[in-house]
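All remarks here apply to the structure that follows.
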Amino acid sequence: MSENQIFTDFEVVELIEEKQINFSEVLTGKNFYLINIWSSWCEPCKDESEYLLELKNNTPVMMIGINYKDKKKNALNFLKLYGDPFDQIFIDKQGTISINFGAYGVPETFLLNNDYKILKKYIGPLSDKDVYEIKKTINN
Amino acid sequence: MIISQLGYYSLIFGLLTSIFIFFNSSIQLKKNNLVISDKTFGLIGFQFFFVFISFISLIYSFIVSDFSNETVYNNSHTTKPLFYKITGTWGNHEGSLLLWLLVLTGILLGFILKSRNEPNNYRLLTTLFQQIIIIGFFIFVLKTSNPFNEIFPVQTEGLGLNPILQDPALGIHPPILYLGYVGTSIIFSAALASMISNYVNKSWAKNIKFWVLFSWIFLTGGILLGSIWAYYELGWGGFWFWDPVENVSLMPWLSLTALLHCILTLEKRELFKKWTIVLCIITFALSMVGTFLVRSGILNSVHTFANDPSRGIYILTFLLVLVLLSFLIFIIYENKNFTQKSEIFTLSKETAVLINNWFILYFLSVVLIGTIYPIFLDVILDEQISVGPPFYNKLILPFLIPFVLFMSIGPSMKWIKTNFRIGVKSFLVIVFTLILSFITVYYIGEKNIFVLLLFVGFFYLLFKSLDQFREKTKNFAQIFSHTGFSLLLISILLNSFSSKEIVKNIQVGESFTLKNEKIIFKKIAVEKEKNYESIIGFFEVLDEKNKIINLQPEIRIYNEPEMATSEASIKTTLFKDRFITINIIKDQNFFNVRYQHKPFMIWIWISTLIIMLGGMFAIFRKNKEVNI
Amino acid sequence: MFMKSKKLSTIKILSILILFYTNFMSIALASTFSEEQTVNITKNLRCLICQGQTIHESNSDFAESMKKYIKSELEKGKTDEEIFSSLVTKYGQWIVYDPGISRNTLLLWSLPLLLFLIGGVIIANKIFRKHEL
C-alpha cells in the first residue's frame with residue numbers, strides 16, 4: 001500500500017496462542033501503530049531489532065510484528081536472542097498477509113495512525129534517520 | 001599494462017586523425033579538387049586502423065587478465081573460459097562503446113571503398129558528416145567511458161562477468177546488433193550529403209541501398225540472437241517481452257524496413273524523395289535513442305548494465321545537435337533539389353509502398369510511444385505506469401490484419417499503373433486460405449473470431465507470397481522476406497495460443513503429467529566446472545507413444561560474482577519444443593519444476609532467417625533489377 | 001464516378017478497421033475461476049522485486065506469495081478487476097502491465113491512433129488528389 005492509503009480488513013493468526021482475529025480489532029486504543037515485517041532467517045532483521053526495541057521503550061506506539069514465512073520455533077528463538085519489541089505478533093506463513101499492506105518482502109516497516117492511514121513506509125531495515133523520523137511523527 | 005597504454009594512445013591518435021580528416025575534407029570541398037581527395041580516403045583507413053589497434057589491445061588485456069585496467073578488473077576474472085574473456089570485452093559499457101566506435105569507422109571505410117564511382121563531393125560530404133558523428137563518439141568514449149583507465153594498486157583478481165551474460169548467443173549478439181545500429185549512421189551521413197550535393201536520385205538510391213540492406217540484415221540478426229538468448233537463458237520460455245531494450249532495437253528495424261521499400265521506389269521511379277531523406281534521419285535518430293536509453297540506465301530492464309546519467313545526457317545532447325543539424329539542412333535544401341514530377345496512380349506499386357509505410361510508421365509510433373511515454377509520465381507527474389504486452393497487443397494486432405492483406409496484394413501491383421483481374425486462381429487461393437484457417441483454429445481450440453481473422457490474413461500472405469514463385473521474373477528477395485514474415489507471424493500466433501505449461505513442486509522420484517505425457521524426476525547430480533558449480537536434474541519424459549526423452553535442466557551457481565542462474569533444458573522437434581527448468585525452494589527438499597510445450601518455436605527462428613535471406617538475395621543480386 | 005467509388009471503399013476499409021479495433025478491445029479474460037484465470041492475472045502483474053519479469057514467470061518469494069494471495073482472493077469470489085484495482089491501490093499502477101485507460105494514459109492510447117489517422121489523410125491526399133508535387 002502506498003503511503004496515505006487505508007486498507008480493507010483481513011484475518012490474522014496470532015503467533016503464540018494461534019488465535020484467529022480480524023486485524024482491525026488489533027488496531028484499537030492507540031494513536032500510532034508500527035507494523036514490522038520480520039523473519040528469523042532475515043539477516044538485516046537482526047540489526048533492526050535494537051531500533052525496534054528503542055522505539056518500543058521510548059514511544060507510546062503499539063508495536064505489531066508480522067512474522068514472515070517462518071517456523072514458529074525459529075521465530076521464538078530469534079525473539080529470545082535479539083529481544084522481543086512487539087506488543088502483538090501475527091503469523092504470515094504464506095506471505096499473503098504482507099501483501100495486504102503492499103509489502104515487498106522482509107524487513108519492511110509501516111507507521112499507521114488511528115485512522116489506519118499509512119503515514120510512513122520503510123522498505124528494508126530501519127536506519128538511525130528513520131527512527132528519528134518515526135519518533136518525531138509520534139511526538140508531534 | 002603496456003598494451004593497455006597502447007590502446008589508449010591509439011584512441012587519441014584516432015581522434016586526432018578524425019579532426020584532421022574533418023578539416024582536410026572541408027578544405028577540399030571548397031577547392032572542388034578531384035585529385036588529392038584520395039589522400040583523405042587513405043586517412044580514413046588509418047583512422048579505422050587506430051581504433052582497431054585500440055580494440056585489439058582491450059581484447060588482449062581481457063585475455064591476459066590485466067587487472068591494472070579498470071574495465072578488465074570490473075568485468076573479468078581469471079577463472080573465466082577464454083571465450084567469455086573475449087566476449088566480456090564488449091559485455092560492458094566502456095568496451096561496447098569502443099566496439100561502437102570501431103564499427104562507426106569501419107563502416108565509413110567500407111562506404112568509401114564501395115562508392116568509387118560516385119561523385120567526389122558526395123563522398124567528401126558523407127565523410128564530413130560521418131566524421132562529426134565519429135568525433136562525437138571519440139570524445140564520449142575518452143571523456144566519460146575510457147576503457148583504458150588504470151587502477152592502482154594493481155588487483156590480483158577481477159570482479160567477474162555477470163553470469164547471465166556468459167552465454168554463446170549473447171557473446172556474439174552485441175557485435176551483430178551494432179553492425180545494424182551503426183550501419184544507419186552512414187545512411188544518415190549519406191542522406192545529408194546527397195541533399196547538399198543535389199544527388200537525391202536514382203543513382204543515389206542504388207548506392208545507399210546496399211547500406212540500408214546491410215543494416216537491416218544485421219539488425220534482424222541481432223534481434224534474432226537476442227530473442228534466442230532470452231528464450232533459453234531467462235528461463236521462462238518467452239522470446240519477446242516488449243521490454244524497453246527490445247523495443248529500442250525494434251524501432252530502427254521498423255523504420256529501416258519502411259526506408260528499404262522507399263529506397264527501392266526512389267531507385268525505380270524517383271518518387272518520395274523528401275520522405276526517404278526524412279526516414280534516413282529518423283532511422284539514425286532511433287538508433288541513437290536506443291543507445292541513449294540503454295546507456296543512461298533510465299530503463300528498468302534486464303539489459304541495463306550502466307547506471308550513469310551523465311553518459312545518457314551526453315548522448316542525448318549529441319543526438320539533439322545532430323537532429324537539429326539535419327533538419328536545418330533539410331529545410332535549406334528542401335525546395336532547391338526535390339522536384340518530383342511523376343504522378344501516383346491509385347492502383348500501383350507506389351500506392352502499395354505508401355500504404356506499407358503508413359502501417360509500419362504506425363507500428364513504430366506505437367512502440368515509440370509505449371516505450372517513452374512512461375518515462376515522461378514519471379518525470380513530469382511522478383506517476384509510474386507499466387506499459388506491457390496488453391498495450392502492444394491491443395494497438396498492433398487489429399492493424400496487422402489489413403496490413404498483411406495489403407502486403408499480400410502489394411507485390412503483384414505494377415509500377416505506375418495496375419489493371420486488376422481476378423481470375424480463378426486467386427479465387428482458389430482465397431478458398432484454400434479460409435479452409436486452412438478454419439482447420440487451424442479448430443485444431444488449437446480457439447473460438448475467438450479475431451484469432452481466425454488473424455490466421456486468415458497470415459495464411460493469405462503466405463500463399464500469395466509463395467504464389468510469386470510462379471512468376472516469370474522471380475524476385476527472390478521479396479518472395480523470401482515476405483514468405484518468412486508470414487511464417488513468422490503464423491508461428492508466433494500458433495505458439496502463443498497453444499503453449500502448454502505445468503508448474504509443480506516435487507521431490508526426486510516423483511512424477512507428473514502434461515497432456516498425454518508423463519514426466520519423471522529421476523535423480524539429481526552435482527558437478528563442478530571452472531567458473532560455476534551446477535546442480536543437474538535428470539528428467540525422463542514419456543511421450544504419447546511411450547518414447548523416452550531425456551531432459552537435464554541445471555541450476556548454476558557461479559563463483560565470480562556469486563549468483564545462481566537457472567539453465568533450461570530444451571528438446572526441439574519440428575512441431576514443438578519441450579522446455580524444462582528447475583529451481584531450488586528454500587529450506588525444503590522439493591524442487592520447483594516448470595515444464596512447457598512450446599509449439600513451433602523453431603519456426604520462429606527459421607522464418608526470421610528466411611527474412612534475412614531475402615535481404616541477402618537483394619544484396620547479392622544487385623546487378624539484376626530488384627523489385628519490391 | 002470512378003473516383004467516387006474508390007473513396008467509398010476507403011471509408012469502408014476504415015469503418016471495418018474501427019470495428020476490428022473495438023472488438024479486440026472487448027476480448028474478456030477467462031470467465032470462470034480456474035488455474036487459467038490465476039495465470040491470466042499473474043501474467044499481467046510485474047514482479048516488483050525482479051527485473052523485467054512477470055509474477056507468473058518469477059520464482060521469487062514475493063512472486064510466490066502473490067500467486068497464493070491471488071488464488072485466495074479468487075476463492076473469496078473476487079473478480080479480476082477487483083483484484084487488479086486493489087493491487088493498484090496497494091502497489092501503484094506500476095504493478096500491472098496493462099496501463100488501462102485513465103486520465104494519465106489517455107494520450108498513450110490515443111496518440112498512435114491519431115498519428116495513424118493523420119498518416120491516412122496525407123496518403124489519401126497523395127493518391128486521390130492528382131496534383132503535381
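Read the figures in this text as sums done on the coordinates, not as results from a lab. The shown structure was predicted, so the numbers you read here are calculated from the model rather than taken from an experiment. So basically every Cβ, Gly included, is an ideal-geometry build from the backbone, and we count neighbours across all protein chains shown.
Key figures for this structure:
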{"item": "Percent of beta bridges antiparallel (DSSP, the range A:23-139, rounded to nearest 5)", "result": "50 percent"}
{"item": "Local net charge near residue B:384, Cβ-Cβ under 11 Å (Lys/Arg +1, Asp/Glu -1)", "result": "-2"}
{"item": "Dimensionless Rg/Rh of the range B:1-106 - Kirkwood Rh, Rg from C-alpha atoms", "result": "1.13"}
{"item": "Over 37 Å [Cα-Cα, chain B], rounded percent", "result": "42 percent"}
{"item": "Links that overshoot a 28 Å alpha carbon limit, given the list B:571/C:71; A:46/B:522; B:530/C:67; B:500/C:78; B:85/B:209; A:93/A:136", "result": "B:571/C:71; A:46/B:522; B:530/C:67; B:85/B:209; A:93/A:136"}
{"item": "Cα-based Rg of the range A:34-140 normalised by 2.2 N^0.38 Å, two decimals", "result": "0.98"}
{"item": "Environment charge at residue B:242 (Cβ cut-off 14 Å; Lys +1, Arg +1, Asp -1, Glu -1)", "result": "-1"}
{"item": "Cross-link reach list, lysines versus residue B:464, counting only Cα pairs under 17 Å and skipping chain neighbours closer than eight places", "result": "B:349, B:414, B:425, B:472, B:474"}
{"item": "Ranked list, fewest to most other Cβ atoms within 10 Å of each Cβ, for B:562, B:446", "result": "B:562, B:446"}
{"item": "Length-normalised contact order of chain B in % [C-alpha pairs under 8 Å, at least 6 apart]", "result": "11 percent"}
{"item": "Convex hull volume per residue in cubic angstrom - Cα atoms of the range C:24-97", "result": "96 Å³"}
{"item": "For B:123, B:116, order by how many other beta-carbon atoms lie within 10 Å, fewest first", "result": "B:116, B:123"}
{"item": "Using θ = phi - 60° and Karplus 6.51 cos²θ - 1.76 cosθ + 1.60, couplings along the range B:253-267 (whole Hz; Gly, Pro as x)", "result": "5, 4, 6, 5, 5, 4, 4, 4, 5, 5, 4, 5, 5, 4, 5"}
{"item": "Spacing of the two label points (7 Å from each Cα toward its C-beta) at residue B:548 and residue B:573, in nm", "result": "1.7 nm"}
{"item": "Cubic angstrom per residue, convex hull over Cα atoms of the range B:500-602", "result": "107 Å³"}
{"item": "Least to most buried among C:35, B:350 (fewest other Cβ within 10 Å first)", "result": "C:35, B:350"}
{"item": "Relative contact order of the range A:20-140, defined on C-alpha pairs under 8 angstrom at six or more residues apart (%)", "result": "33 percent"}
{"item": "3J(HN,Hα) from dihedral phi, the range B:376-385, Karplus parametrisation 6.51/-1.76/1.60, rounded to Hz, x for glycine, proline", "result": "5, 4, 5, 5, 7, 10, 6, 10, 9, 10"}
{"item": "Paired Rg and Dmax values of the range A:1-92, which use every Cα atom, in angstrom", "result": "13.2, 35"}
{"item": "Within-15-Å neighbourhood charge of residue A:27 [Cβ basis; K, R +1; D, E -1]", "result": "-4"}
{"item": "Debye intensity ratio in log₁₀ form over the Cα atoms of the protein assembly as shown, taken at each q of 0.05, 0.08, 0.11 Å⁻¹", "result": "-0.34, -0.87, -1.45"}
